[in-house]
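Enquirer: I am attaching a structure below and will ask some questions about it afterwards.
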Amino acid sequence: SAVISQKPSRDICQRGTSLTIQCQVDSQVTMMFWYRQQPGQSLTLIATANQGSEATYESGFVIDKFPISRPNLTFSTLTVSNMSPEDSSIYLCSGLLTYNEQFFGPGTRLTVL
Amino acid sequence: GQQVMQIPQYQHVQEGEDFTTYCNSSTTLSNIQWYKQRPGGHPVFLIQLVKSGEVKKQKRLTFQFGEAKKNSSLHITATQTTDVGTYFCAGPKGAQKLVFGQGTRLTINP
């Protein structure tokens, strides 16, 4: 198994500002993903973080709003840009283990005022 | 896009009762995964099913994959308070990505 840490665990931000979330894995993984989860809801995939190249975004998510970096196989960042209250959510990163098993970080709870 | 439908959305049981959640897809799935998310926690991988008609057990949890590989179920026998949480099924989306069902939130009356 592997362990993922995320920073910050939670934050309260003002609208119009940006927040960068960090995701650190304790071992190398082939793929990393970023999800959004509204309280009581399911997980929605934002993008696949590709090492050394631009992230691959899902429908409804764009790079200008959610820029993602992945400089190496154990670290990725997600920035939520120009935030509005609608961006209030839990943001989760995950890494891919063998046999397609994904393991998740503890999440970042974001509140935008 | 591909969707995985999960029912029920909520289930409340008395401790000791059984619990089942169902997952359905309109398309054939190469595999299906199940995750558990405790209140305030993050999703944790439980199991992956790959073969048609496959049945796997983990203590009181029984996972099934339908013969047509379009549906799956998770059954918990004699629930305990530690079973509380939301159970998600997830099907593959493209290469190594997942699409999650809506989840079934299980609450238990001790």
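Enquirer: Quick check on this structure: which one of A:112, A:62 is in contact with a helix residue (DSSP H, G or I) (Cβ under 7 Å, 6 or more places away or on another chain) and modelled with pLDDT of 95 or more?
Expert: The conditions single out A:112.
Enquirer: While we're here: Being surrounded by fewer than 17 Cβ atoms within 10 Å (Cβ to Cβ) and within 16 Å of the chain's Cα centre (by Cα) narrows it down to one residue among B:9, B:33, B:14, B:37; which is it?
Expert: B:9
Enquirer: Another question about this same structure. Residue by residue through the stretch B:24-48, note down the ones that are part of a strand (DSSP E or B), more than 10 Å from chain A (Cβ to nearest Cβ) and out of contact with any Leu (no Cβ under 7 Å at 6 or more places or on another chain).
Expert: B:24, B:25
Enquirer: Still on this structure, I have one more. Yes or no: residue A:25 away from chain B (no Cβ under 11 Å), closer than 30 Å to residue B:10 by Cβ and touching a Ser or Thr at 6+ places or on another chain (Cβ under 7 Å)?
Expert: No.
Enquirer: Among the residues of the stretch A:77-111, what is the count of those that are surrounded by fewer than 17 Cβ atoms within 10 Å (Cβ to Cβ), at positive phi and within 14 Å of chain B (Cβ to nearest Cβ)?
Expert: Residues meeting the conditions: 1.
Enquirer: Okay, moving on. Given the conditions (1) within 14 Å of another protein chain (Cβ to nearest Cβ); (2) touching a residue at least 12 places away in the same chain (Cβ under 8 Å); (3) outside any loop (DSSP other than H, G, I, E, B), report the number of the one that residue B:51 does not fulfil.
Expert: In the conditions (1) within 14 Å of another protein chain (Cβ to nearest Cβ); (2) touching a residue at least 12 places away in the same chain (Cβ under 8 Å); (3) outside any loop (DSSP other than H, G, I, E, B), residue B:51 misses (3) alone.
The values are calculated or read from the model by the stated rules, or taken from the named source; none is laboratory data. Just so we're clear, the structure is a prediction, and the values are computed from it rather than from any experiment. Cβ: placed from backbone, ideal geometry, glycine included. Neighbour counts: every protein chain shown.
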